[in-house]
1. Return the residues of segment 145-161 that are touching a residue at least 12 places away in the same chain (Cβ under 8 Å) and either open to solvent by 60 Å² or more (accessible area, probe 1.4 Å) or not hydrophobic (A, V, I, L, M, F, W, C) (or both); say none if nothing qualifies.
2. Give me the residue from segment 71-91 that is over 16 Å from the mean Cα position of the chain (by Cα) and modelled with pLDDT under 90 and, out of that set, most open to solvent (accessible area, probe 1.4 Å).
3. Conditions first: (1) touching a residue at least 60 places away in the same chain (Cβ under 8 Å); (2) in contact with a Leu (Cβ under 8 Å, 6 or more places away or on another chain); (3) among the β-branched types (V, I, T). T37 passes all but one, so which condition is the exception?
4. Somewhere in segment 163-184, is a residue at negative phi, among the aliphatic types (A, V, I, L, M), modelled with pLDDT under 95 and open to solvent by less than 20 Å² (accessible area, probe 1.4 Å)?
5. Identify, please: which residue in segment 119-132 is loosely packed, with under 13 Cβ neighbours inside 10 Å and either assigned to a helix (DSSP H, G or I) or in contact with a Phe, Trp or Tyr (Cβ under 9 Å, 6 or more places away or on another chain) (or both) and is, among those, modelled with the lowest pLDDT?
6. List the helices (runs of 4 or more DSSP H) inside segment 43-94, counting only whole elements, that have at least 2 residues being of a type outside the set (K, R) and touching a Gly at 6+ places or on another chain (Cβ under 9 Å).
7. If P115 meets every condition in (1) part of a helix (DSSP H, G or I); (2) surrounded by fewer than 21 Cβ atoms within 10 Å (Cβ to Cβ) apart from one, which number is that one?
Amino acid sequence: MSERGRPRSFDRQQALSRAMHLFWQKGFEETSMSDLTQAMGIAPPSLYAAFGSKEALFTEALDLYQATVNNEIWNALNEGGTIAEAIEGFLFNTARAYSRPDQPPGCMIVLGSNPAASEIEAIGEDLRQRRAENISQLMKRFERAVSEGELIDTFDCEAAAVFFATLQNGMSLLARDGGGEAALMAVARSGNPALQGMTRDHRRR
């Protein structure tokens with residue numbers, strides 16, 4: 001009898017979450033199919049049937065990461081009343097997210113693959129594109145602050161976006177190297193003073 005109509009014997013979303021944490025912890029290249037099937041609690045045929053391939057599973061795990069952990073970080077850009085508050089929230093949320101004891105340290109999008117070691121160019125390109133989108137989100141928030149008159153007209157939105165994205169990437173590496181929440185919060189607190197000097201209110205004082 002055909003098994004085509006039989007339901008899966010595992011929770012797909014739970015299995016995906018386990019794969020996400022494993023890729024996040026070890027990186028794409030260092031995570032073997034054996035590691036994945038053991039962590040996900042499924043046999044290789046079930047993994048391939050549900051996700052297609054290791055590469056497709058990694059991409060789906062990245063999507064899950066962005067929709068959950070990463071989303072908490074980036075929500076701060078729209079929740080902050082002023083641009084300084086938005087960036088402060090962005091950096092503080094980053095510090096908390098990257099140092100939680102119940103999940104791998106750092107950022108999966110920054111640490112998820114080693115381009116020099118990967119034989120799959122599409123994986124590296126996907127991660128580069130996601131990091132570029134992060135810069136674009138920051139730049140749009142700065143452009144909004146300029147359009148609302150909060151930042152001076154000559155404010156370099158692109159340079160600021162690259163700066164804070166790079167600062168966030170550095171926080172990811174610090175977390176991976178053992179820096180805890182206190183160390184990451186110290187970095188987050190140091191990130192806003194440069195921005196303060198560019199606001200119109202500051203220049204009037």
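1. G149, E150, E158
2. Among those that are over 16 Å from the mean Cα position of the chain (by Cα) and modelled with pLDDT under 90, it is E79.
3. Failing condition for T37: (1).
4. Here is the first cut: in segment 163-184, the ones at negative phi are 163-177, 179-184.
Among the residues that remain, those that are also among the aliphatic types (A, V, I, L, M) are: 165, 167, 171, 173-175, 182-184.
If we keep only those that are modelled with pLDDT under 95 too, we end up with none.
Among the residues of segment 163-184, not one is at negative phi, among the aliphatic types (A, V, I, L, M), modelled with pLDDT under 95 and open to solvent by less than 20 Å² (accessible area, probe 1.4 Å), which makes the answer no.
5. E121
6. Output list reads 54-67, 76-79.
7. Failing condition for P115: (1).
Each row is one residue, and each column tells you yes or no for (1) modelled with pLDDT under 95; (2) touching a His at 6+ places or on another chain (Cβ under 6 Å); (3) crowded, with 20+ Cβ neighbours inside 10 Å.
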residue	(1), (2), (3)
P7	yes, no, no
R12	yes, no, no
G27	yes, no, no
L36	no, no, yes
P44	yes, no, no
S53	yes, no, no
D63	no, no, no
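The values are calculated or read from the model by the stated rules, or taken from the named source; none is laboratory data. Computed from a prediction, not measured in an experiment: that's the story for all the values here. Every residue, glycine among them, receives a Cβ derived from its backbone with ideal geometry; neighbour counts consider all protein chains shown. Accessible surface is based on the protein model in full, side chains and every heavy atom, while ligands, DNA and RNA are left aside. Shrake-Rupley method; radii C 1.70, N 1.55, O 1.52, S 1.80 Å.
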